[in-house]
Structures are given as C-alpha cells and as structure tokens.
There are 2 protein chains.
Amino acid sequence: MSVIEQATSTLHFPALKPPQRYLFGPGPSMVHPRVYEAISKPIVGHLDAYFIQVMGDVQQLLKMAFGSSDAVTLVISGTGSAGMEAAVSNFVEPGAKVAIFANGYFSDRLTEMAKRHAANVVRFEKAWGETYSEAEARDFIRREKPQVVAFVHAETSTGALQSGHAICAAAHEVGALVIGDCVTSLGGVPVDFDQTGIDVAYSCTQKGLSCPPGLAPMAISERAMAWLRARTTPVRSWYLDIKLIHDYSTVSHRYHHTAPISMFYALREALMVIAEEGIENRWERHRRAHQSFVKGIEAMGLQMHVPAEHRIATLNTVRVPQGVDEAKVRKNLLDGPGIEIAGGFGPLAGKVFRIGVMGPLATEGNVEFFLREFKKALAQE
Amino acid sequence: MSVIEQATSTLHFPALKPPQRYLFGPGPSMVHPRVYEAISKPIVGHLDAYFIQVMGDVQQLLKMAFGSSDAVTLVISGTGSAGMEAAVSNFVEPGAKVAIFANGYFSDRLTEMAKRHAANVVRFEKAWGETYSEAEARDFIRREKPQVVAFVHAETSTGALQSGHAICAAAHEVGALVIGDCVTSLGGVPVDFDQTGIDVAYSCTQKGLSCPPGLAPMAISERAMAWLRARTTPVRSWYLDIKLIHDYSTVSHRYHHTAPISMFYALREALMVIAEEGIENRWERHRRAHQSFVKGIEAMGLQMHVPAEHRIATLNTVRVPQGVDEAKVRKNLLDGPGIEIAGGFGPLAGKVFRIGVMGPLATEGNVEFFLREFKKALAQE
C-alpha cells in the first residue's frame, strides 16, 4: 500500500448526503424531480446516434426558450461563464471596439473578458440597479460606433432588467454585433431573441431552466454566424470555438470533445418540462409569483431596490432595512428552515438581499412560505 | 400561443429512454450505480458550506488518483479538453517555445491550442502508436531548450503509453515546465505525478474514473503554481484562469463561477468507489483484465497495434484484419449486443479497433463476454 493510498484510506469521507435546501437565491434554483431522474439515466457514447438525437432535441427546444425561429442554437460544455467567454472569444477580435452597458457585476466580467481578448473597451457607466433609456442607448452606440455591443439582459447582481430593443437597433445601424447576457432571464422571463434583434445570447441551465448547473445554452443569429465564418483571425479558444462546436453538434457530428452526456439528458428533460407547461404559461406563472412577492415585501414595510418597471420577475433585490445585519438574516434562514438566499456584493454589499423565485418555487404558496420564514428571520436578527 | 410555442408543442419529443450500451470504447466508460445515485442527489448552492466540503473531498481524493502528496489538485468545469486548454492557456505565454512529443491525435490538439495561444511550437514527430526512448526524449529537450514541454501519457488515438520520467528530468534540467495529458490514464493506470515529476496534469472523468463526462481534474506542482503566480502576461481565458479557480475552490471560496454541483457529487462518489477498492488494487485489476484481453485477441489470430511494453492497460488498439470492414464490425456489435467500440482515425482510420476495458468492465468475465461477441461480429462481417 502506497503512502498516498494509506493517507486516503485513513481519511473518513462520509457518504454523500446533501442537506435539503430551498433554493431561493439567484441560482442554482430548485430542480424538477423529472430532471433528477433524467440525469441519472445510463449514458451512451458522445457519438452514439441516440445522443446526437438528444442534442438535436435540445437545440430545437432551446429555440422555444430563446424565442427564435431560425437562430443557431447550441450548448457550450461549461457553465454560464463559459457561455460568456464563448461569446467574447468568438465575436471579439483583438483590437475590436466593444461598447459595454456597465451597470452591474456581469458587465464588469464582460469587460474583463473583452480586455483579456485585447479589445478596446468603452463603457457606459451607471449605478448598480439602474437601466438605460432608449435614447441613452442609441446615443452611446451612435457616438462610439463599436464593432461589438454587449449588455446584460437580466443583471443577477442588481435585479434590473434591461430591454435590448433600442440597443440592438442602434448597434445594427452602425454595423455592430450585439452580445446579450441572458443568464438570469432564459426560461423565467421572455428573451425574445428574434424580435429584440440579439445576435449572440448565452445563458446557463441553473436559473430559469431549473436544471443543475453545468451547461451554457446559446443562440446565435444568422448574421453573427456569417460574420464568424468570415472571421480571419484565429479564435483563441479551441474548446469554445463555436464553428467547431456547431459542426459537431449540428452539421457533421464529427468529434470535437466528449459532451457531458448526463447534463444533456438533464437539460433536455428540463426543457421538456417547460414545453409541457407552455413557455408563455411559465412566464405568466413567474410574473404572478413575482407580484405576490413584491406585495408581501412591501406589506412588511420593505423596499425593492429596482423601480417596478425594470425588475426581473425571477430575481428580486430587496433593500436591507437600516441597522439590520443581512448576513445574520441569511444565516437564520439557512440554519432554520434551510432556505438559501444571497446578499449583495460590490457596491450593493450589505445593502440588498437577492431573492430568486424561480421554477418550481414560483407559486403563490411557495412565496407565502418564503415570506413567513423571511419575516421570522428578520425578527430574530 | 406564439409561433415558437406552437412549433414546439407540435413536435413529438419522446420520453428520454437511452438504450443500454456496453461501453467498450475509448470513453465514456461504464458508470457505477452508486455514481448515478450520487448525481441525482438534490443540489445545494455553489457557495454552500456543504458544497465547499464536497470540493475539498474531491481535491483530497484526486491526490490519491494522481499519485501526489502535495500537488494542488482542482477541477475545471468542463470536459477533458477544457483541462487541456486550461493547461495551455495558463502555462504557455505568447511567444513561448513549446516542445511537443507528437505521436497521436491529442498531441496534435495540444499543438493546435498552443499555436492559438501564439506559442512557438516545435514537434518531435513519430508514427501513431510509437513512443519515445529516454535518450530520444532527453536529446530533443536538451537541443530545443523550450519553456514548456508537452506529452501525452496515454494516447487515446493510438493505445500507446509514454513514460514521462526522462521527459520530466530533461525538461527540469533546461528549466521547462511539463504538461502531461493524463486523460486516458487517470484511475486506470498509475500516473505517478510526484515520482514522474509532471508539473501540470489534466484528465477527464469519463474514462479511468468511470464517471459521466463533464469535469476535468487537474494536478499542478508547487513549482508550476509558483511560476503561475509570477506570470505577468494576462491569461487569455477568464473561465479557465487557474489562479481564480484555485482561489474559489481552495483558498477564499469567493465566487468565480457556478460549479456543476451534480457533476461534483458524481465525481466524489466515483473517487470514493476507487478509494474503497484501493487504487493499487484497481490498477492491478485493470492489468489483469488487459492481459486476458490480449491473450484472447492473440488466440483469435489478431494483432495488437502497440508493442507489449508500451500498451495502455485500459485502452487496446487491435489491428483490423486484412479485408475486414471495421465499420461493419462496429455496427454489428452496436446493433446486436449493444456494445460500443471505436475505430481508428487519422493515419489509423480503418486500420485499428479501439477497445476500452475500464472500470466495472475490467473483469475477466466481462472480457470473455466481449471477446465472444467480438468474434461473432467479425464472423458476420
């Protein structure tokens, strides 16, 4: 027996037994039992005709979720941040001017990635939680004339929803491609990919789709695909090279990498659950749960951080009342009923609670349950 | 009801029901039932103390699998190819000289990634299936004096195992870091990270670890971590930035990305199954199964592609007999008993079968079952 083996065998690793959590944070969200069943089905090979069919089904179902009839949909074998990096590394060439609507943490991450890809980044700064009017968006883009525009549709760090219509229209006027971060919107609120005019959207599986984290669904316009086919500089990332991934997943099915089979099973099932409910019914259910949530929060005398017309239905930022230690409230919720919520960070550290009402939890009954426990946790603090 | 919703609801997606396969290919391999149970356990948040513990357990158990007492072990949230790209993007600076032992497909992929990262690549070319002697390895490295040396420990495309001892010794003489591709070796054959002197090893979950694909375990020497801390040029990839991932997974546990929780559950359980068997017992079991396999193959009058002393115990390349259509043989196996094996590709297209005997399948009984069916499939052709 080797030293290593001895060291490991004397360690006591208990059996895996995760605690039961009510995931009311910004994600991961609760997972449907059917999705847990799907994720544990026996795997087949990544080039097996059955798996190719699963990938095809996922692509088709993603068109429903993104709201597109003819976008190229595909899935990156990494989490939402891998989707962001796929968008940046494929559509931002070294030296390209990238205009970023900077009103939260994920626009900062986009900035960081664009800089690492040697872009010339210009930012339109706003406070965390604010959004951009149509006129502001247009003026910025017309003035800067960038090659790429990036905005965050639903900003997880602030709870603000940014409409993309004016951004996309202005970007297309100046010949720019638009990257839209839809990590927190997909599946919970409409993305309207085609109508909005987004060129490159990426998301994750663990928020509005109510699936475990691990994959990044993307939608890419024909315009963006044509641009990519014509790109002459090499894409730095081989793993995230969209032309190669598209070829494997949709065109030739030639080996690129070994796709995470079990995660694809899970994503397919999560999308099936959504299709069976009807995506518009699902959005409506989330809207109703959100309204109940806000009503309850305001009845408690608390304030929402984002103005009513710019809130994300699935992710609420509630201001921490004066004198309350938000970390203690979160601890009370986790240690007591096992409810996970998140705090703010960056400029919003200590100032907001971030509370997700998504997927299976987006019902009036679950909102009532949450508000009751939240009130108790605040009182205990 | 929208156009998209109508289109989706009229499609008929059958319930997920993957066919039962015997995965005798180069990977993914068969998954232990305990791992399927673990992957379907309820998720917790990615910053939950329980999940931090799971990540810590996985890191500890990986030391056993890699054969290291003090390497930094961590897990990339992507497949084995993401591990390769993490190795290249973190340890290859633009303009760096990278010496690659080029004797199969995965050294070509390393070449491609290194070139995309603007490296100056020099290659020591050999035919697919050949390996390098100690003297050859030393001479190449002493002559080229690279900053980075990359070799493939177990080459999935050829079935050849390359010892890293002389490579690492010579590389360290000239001050180079060594990247070792352990995608097909980890968990099935000894990697001996410390003894060999590898600086950066990456692997996957779906081969020797008998877990579904989706994560890339890595081991990094203290020497390589020190080099990385001192690196001044930015790492192009934010998603694969090892300093940030190490900080999230091991040091501060500050949010970097949302780790694939369910996949970590699965990997922890797969490593537990290995620890309980004993890693050295497991290697021995694979060695024995491999010997039975080779004996059976030779008794059938067939030939192994790689000389006996350089074979990977877990992945066998068997030469296709003259006049046999290997694709038909594979089809017979898949359509009949549901056995997946792979063919060769590149210079070995049509010339070899690639047959994995890994994890739960690495027993004499399963080898007998396989050989019986393989013989039938060859006869049918």
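Among residues that are at pLDDT 95 or above and part of a loop (DSSP other than H, G, I, E, B), B:Gly365 is not included. Can you pull out every residue in the stretch B:100-142 that is within 17 Å of B:Ala87 (Cβ to Cβ) and aromatic (Phe, Trp, Tyr)? Once the filter is applied, which keeps residues that are within 17 Å of B:Ala87 (Cβ to Cβ) and aromatic (Phe, Trp, Tyr), the stretch B:100-142 yields B:Phe101, B:Tyr105, B:Phe106. For the stretch B:32-46, the criterion of a residue being more than 7 Å from chain A (Cβ to nearest Cβ), crowded, with 19+ Cβ neighbours inside 10 Å and not in a loop (DSSP other than H, G, I, E, B) is satisfied by at least one position. Taken over the stretch B:295-319, the criterion of being farther than 20 Å from B:Glu340 by Cβ and among the β-branched types (Val, Ile, Thr) is satisfied by B:Val306 alone. Of all residues in the stretch B:215-266, those being in a helix (DSSP H, G or I) and either of a type outside the set (Asp, Glu) or touching a residue at least 24 places away in the same chain (Cβ under 8 Å) (or both) number 24. Of the residues B:Glu340, B:Glu326, B:Glu284, only one is buried (at least 18 other Cβ atoms within 10 Å of the Cβ), within 14 Å of another protein chain (Cβ to nearest Cβ) and charged (D, E, K, R); which? Going through B:Glu340, B:Glu326, B:Glu284 in turn, just one is buried (at least 18 other Cβ atoms within 10 Å of the Cβ), within 14 Å of another protein chain (Cβ to nearest Cβ) and charged (D, E, K, R): B:Glu340. Could you identify the single residue in B:Gly129, B:Gly83 that is within 21 Å of the chain's Cα centre (by Cα), over 30 Å from A:Ser29 (Cα atoms) and touching a residue at least 40 places away in the same chain (Cβ under 8 Å)? Criteria check complete, one pass: B:Gly129. Residues that are surrounded by fewer than 21 Cβ atoms within 10 Å (Cβ to Cβ), among the β-branched types (Val, Ile, Thr) and modelled with pLDDT of 95 or more do not occur anywhere in the stretch A:89-101. Considering (1) surrounded by 14 or more Cβ atoms within 10 Å (Cβ to Cβ); (2) outside the structural domain of A:Arg109 (by TED's automatic domain parsing), the lone condition that A:Gly301 does not fulfil carries the number (1).
Residue count for the stretch A:131-169 satisfying the condition of being surrounded by fewer than 24 Cβ atoms within 10 Å (Cβ to Cβ), among the aliphatic types (A, V, I, L, M) and either in contact with a Gly (Cβ under 7 Å, 6 or more places away or on another chain) or part of a helix (DSSP H, G or I) (or both): 3. Selection of the stretch B:53-67 for residues being more than 7 Å from chain A (Cβ to nearest Cβ), polar (S, T, N, Q) and more than 24 Å from A:Thr205 (Cβ to Cβ) yields only B:Gln59. Consider the stretch A:98-130 and keep the residues that are part of a helix (DSSP H, G or I) and of a type in the set (Gly, Ala, Ser). The one that is farthest from the other protein chains (Cβ to nearest Cβ) is A:Ser107.
The values are calculated or read from the model by the stated rules, or taken from the named source; none is laboratory data. All figures in this text were calculated on a predicted structure; none of them were measured in a lab. Cβ sites come from the backbone with ideal geometry, for glycine too, and all protein chains shown count toward neighbours.
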